[in-house]
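Visitor: Attaching a single structure in structure tokens format; questions to follow.
The values are calculated or read from the model by the stated rules, or taken from the named source; none is laboratory data. Just so it is clear, the model here is predicted, and its values are computed rather than measured. Calculation scope for accessible area: heavy atoms of the full protein, side chains included, ligands and nucleic acids excluded. Shrake-Rupley method; radii C 1.70, N 1.55, O 1.52, S 1.80 Å.
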Amino acid sequence: MFNFLSFFKKRKNYLKKEFRRDSNGNPVVEVKIDDKSEVIAPFAVDEKLSINMEFANLLDNLGKSLSPKESLQFNIKCDSWSDDEKFDVASAIKHYYFNSLIQMQRKLKNNLRLFWIMVAFSVIFVTTLFSADYFGAPFVVTEVIDIIVWGFVWGAVDLATFQRSLFQHEYNQSKVIYDMKITFV
């Protein structure tokens with residue numbers, strides 16, 4: 001019994017990633033980049049640069065281990081970069097995560113819209129169920145309508161609780177990276 005409890009105590013320690021902290025207690029991450037082309041994607045849309053997928057995956061992985069309440073300081077070690085190159089990299093990171101935030105906001109908005117549609121169908125079918133029961137519809141008909149009602153109710157609950165919380169979590173991860181302070185050392 002006690003071994004079982006010690007397993008969970010040890011497991012809890014593994015679930016927290018330790019970062020170097022600044023004077024305010026916020027995490028500090030340092031990445032060394034040799035060439036700007038390792039970060040910047042080879043394409044620009046409306047003259048706005050974006051980061052490549054490998055670097056985006058690095059930042060996404062970093063965002064997974066941070067609390068949304070923390071403010072990340074991201075130090076980029078680069079040798080002999082001009083101020084324009086530094087600006088390009090910083091703006092490309094911000095542009096990529098700005099687009100990510102827009103995508104997450106759309107998912108959250110669509111989730112809310114689908115929730116209200118499911119609620120409306122639930123109300124319609126509950127009304128149909130009561131009407132069918134009131135007018136003495138056959139048992140099979142009322143049971144089929146009852147199953148449909150529960151399907152729409154469960155769909156609404158799923159959208160409002162489980163899926164929405166996942167989308168909100170993804171939004172918070174992207175927001176942490178978007179709001180991070182980028183410095184060049």
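Visitor: Could you work out how far helix 164-178 tilts from the main Cα principal axis of the chain, as a 0 to 90 degree angle to the nearest 10?
Guide: Helix 164-178 sits at roughly 10 degrees to that axis.
Visitor: Shifting gears a bit: Strictly over 18 Å apart at the Cα level, which of K48/K86; K36/K64; K77/K181 would you flag in this model? Walk me through the intermediate numbers first.
Guide: On the way: K48/K86 14 Å; K36/K64 25 Å; K77/K181 14 Å.
With Cα atoms farther than 18 Å apart: K36/K64.
Visitor: For segment 29-104, count the residues as N, evaluate 2.2 N^0.38 Å, and divide the Cα radius of gyration by that value, please. Could the numbers behind the result be given before it?
Guide: Values: Rg = 12.6 Å, N = 76, 2.2 N^0.38 = 11.4 Å.
My calculation over the Cα atoms of segment 29-104 gives 1.11.
Visitor: Would you mind calculating the relative contact order of the chain from Cα pairs under 8 angstrom and at least 6 residues apart, reporting the percent as a whole number? It would help to have the intermediate numbers written out before the result.
Guide: Working: 192 pairs, mean separation 55.0, N = 185.
Once normalised by length, the contact order is 30 percent.
Visitor: Compute the long axis of helix 53-64 from its Cα atoms, compare it with the longest principal axis of the Cα atoms of the chain, and write down the angle in degrees, 0 to 90, nearest 10.
Guide: Approximately 70 degrees, to the nearest 10.
Visitor: Next question. Output the direction-averaged projected area (hull surface divided by four) of the convex hull of the alpha-carbon atoms of the chain, in nm².
Guide: Numbers: hull surface 72.9 nm².
For the Cα atoms of the chain, the hull's average projected area reads 18.2 nm².
Visitor: Follow-up. How large is the Kirkwood hydrodynamic radius of segment 105-185, in angstrom, based on all distinct alpha carbon pairs?
Guide: Working: mean 1/r = 0.0661 Å⁻¹.
Roughly 15.1 Å, rounded to one decimal.
Visitor: Could I ask something else about it? What is the helix-to-structure angle for 83-134, meaning the angle in degrees between its Cα long axis and the longest Cα principal axis of the chain, kept from 0 to 90 and rounded to the nearest 10?
Guide: Its long axis makes an angle of about 10 degrees.
Visitor: Under a 5 Å amide H to amide H cut-off, with H placed in plane at 1.01 Å, what residues pair with I51 once short-range neighbours are removed?
Guide: Here the answer is A41, Y96, since their amide H atoms fall under 5 Å of that of I51.
Visitor: Something else: Starting at the first residue of segment 41-49, write each ³J(HN,Hα) from the Karplus equation 6.51 cos²θ - 1.76 cosθ + 1.60 with θ = phi - 60°, in whole Hz, x for Gly and Pro.
Guide: Listing the rounded values in order: 5, x, 10, 10, 9, 6, 6, 9, 6 Hz.
Visitor: Here's something else I'd like to know. Quickly estimate the mean residue ellipticity at 222 nm for the chain, helices only: each DSSP H run with n ≥ 4 gives -39500 (n - 2.57), and the total goes over all residues, rounded to 500.
Guide: Details: 5 runs with 111 residues, N = 185.
One gets -21000 deg cm²/dmol as the mean residue ellipticity at 222 nm.
Visitor: With every atom except the alpha carbons ignored, what do you get for Rg and Dmax of segment 141-185, in angstroms?
Guide: Taking only Cα atoms of segment 141-185, I get Rg and Dmax of 19.9, 71 Å.
Visitor: Using only the alpha carbons, work out the radius of gyration and Dmax of segment 75-124 in angstrom.
Guide: 20.4, 66
Visitor: Work out the P(r) tail for segment 62-155: percent of alpha carbon pairs separated by more than 18 Å, whole number. Mind dumping the intermediate values first?
Guide: Numbers: 3024 of 4371 pairs.
Cα-Cα pairs in segment 62-155 separated by more than 18 Å: 69 percent.
Visitor: Give me the number: length gained by fully extending Q163 to K32, i.e. 0.36 nm times residue separation minus the C-alpha to C-alpha distance, one decimal in nm. Intermediate values should be presented prior to the final figure.
Guide: Details: separation 131, 0.36 × 131 = 47.16 nm, distance 3.66 nm.
Net length gain for the segment: 43.5 nm.
Visitor: Enter the accessible area per residue of the chain (Å², integer; probe 1.4 Å; all protein chains in place).
Guide: Values: 12840 Å² over 185 residues.
Result: 69 Å² per residue.
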